[in-house]
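So the structure is just underneath, and the comments pick up after that.
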Amino acid sequence: MACASPKMDKAAVRKMMIRRRNDLTLNEVDSLSRKIEENLFSCKDFLNRDYVLYYLSFGKEVRTDSMIEHSLRLGKAVYVPRVVEAENKLEVCEINSLKTDFDINAFGIREPSGVPAVSLNKIDVIVTPGLAFNSSGGRIGFGGGYYDRLFMELPGNSLRLGIAYDFQIAGSLHQDVWDKKVQKVFTEKDTLNC
């Protein structure tokens, strides 16, 4: 578990966590991601949900491809985000496989190509990326506010989950009034109920 000083601002936390994450080897990323997936798929609250919104991992983020395939094998409907640059927001597309055509967006992240956006009204769980989380569900992302805005558009009963490496769990994180929290965070070592 990482310790962030109560006075560390978001920019300092982002810089520290990006550096720590980038120091991981690809073998470590794969191994830790498998353990995080095991923890996620052992959560009954997650397993009881049928409409899952995942992020498409990039760089050395916790890998989601295997989680997506696992969900599809279980018969869950799987959704992934796509950036709408003109509106500074995310829209959501349903995918039936990772063989979907993907483009790389301006942030270097895969997003579905030629797939229509769908309504958010069915989504009952979202698996969220983050650079840092704390035990009360606070989250720091890259600073664009995309997921904070998306959380506000989701149905009120949607379960908001974070997945992260254990070192991304901070004792304290600065949170602004617009920052939206997750309800659980899964790491390779633990599940935090926030």
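The values are calculated or read from the model by the stated rules, or taken from the named source; none is laboratory data. If you're wondering where the values come from, they're calculated on a predicted model, not measured in any experiment. When we count neighbours, we look across all protein chains shown, and the Cβ atoms used for this are built from the backbone with ideal geometry, even at glycine. Accessible surface is based on the protein model in full, side chains and every heavy atom, while ligands, DNA and RNA are left aside. Shrake-Rupley method; radii C 1.70, N 1.55, O 1.52, S 1.80 Å.
Of the numbered criteria (1) surrounded by 19 or more Cβ atoms within 10 Å (Cβ to Cβ); (2) among the β-branched types (Val, Ile, Thr); (3) out of contact with any helix residue (DSSP H, G or I) (no Cβ under 6 Å at 6 or more places or on another chain), the one Thr128 fails is (3).
In the range 134-168, the qualifying residues are those that are small (Gly, Ala, Ser) and surrounded by 17 or more Cβ atoms within 10 Å (Cβ to Cβ), and the one that is farthest from Ser33 (Cα to Cα) is Ser158.
Restricting Leu98, Leu47, Leu32 to residues that are over 27 Å from Ser119 (Cα atoms), of a type in the set (A, V, I, L, M, F, W, C) and out of contact with any Ser or Thr (no Cβ under 8 Å at 6 or more places or on another chain) narrows the list to Leu32.
Contact map, the range 87-109: residues that are within 18 Å of Glu69 (Cβ to Cβ) paired with residues that are open to solvent by 50 Å² or more (accessible area, probe 1.4 Å) and basic (Lys, Arg), Cβ distance under 7 Å, separation 6+ or inter-chain. Pairs shown: Phe102/Arg110.
Just checking, does the range 171-183 include any residue being open to solvent by 40 Å² or more (accessible area, probe 1.4 Å), at negative phi and at pLDDT 90 or above? Yes, the range 171-183 contains at least one residue that is open to solvent by 40 Å² or more (accessible area, probe 1.4 Å), at negative phi and at pLDDT 90 or above. Note on the range 1-23: among residues that are open to solvent by 20 Å² or more (accessible area, probe 1.4 Å) and touching a Phe, Trp or Tyr at 6+ places or on another chain (Cβ under 8 Å), the one that is modelled with the highest pLDDT is Arg20. On the stretch given as the range 67-102, residues that are closer than 18 Å to Phe41 by Cβ and of a type in the set (D, E, K, R) total 3.
Restricting attention to the range 127-161, and to residues there that are among the β-branched types (Val, Ile, Thr) and at pLDDT 90 or above, which single residue is nearest to the chain's Cα centre (by Cα)?
Of the residues in the range 127-161, the ones among the β-branched types (Val, Ile, Thr) are 127-128, 140.
Keeping just the survivors that are at pLDDT 90 or above gives 127-128.
On the way: Val127: 5, Thr128: 2 Å.
Among them, the one singled out is Thr128.
Checked against (1) under 18 Å from Cys43 (Cα atoms); (2) over 17 Å from the mean Cα position of the chain (by Cα), Lys122 passes all but a single condition, namely (1). Out of the strands (runs of 3 or more DSSP E) lying entirely within the range 34-125, which hold 1 or more residues that are small (Gly, Ala, Ser), touching a Phe, Trp or Tyr at 6+ places or on another chain (Cβ under 9 Å) and open to solvent by less than 50 Å² (accessible area, probe 1.4 Å)? So the answer is 77-84. Criterion applied to Thr25, Thr64, Thr128 was being within 22 Å of Asp166 (Cα to Cα), free of Cβ contacts under 8 Å to residues at least 40 places away in the same chain and not charged (D, E, K, R), and the one residue passing it is Thr25.
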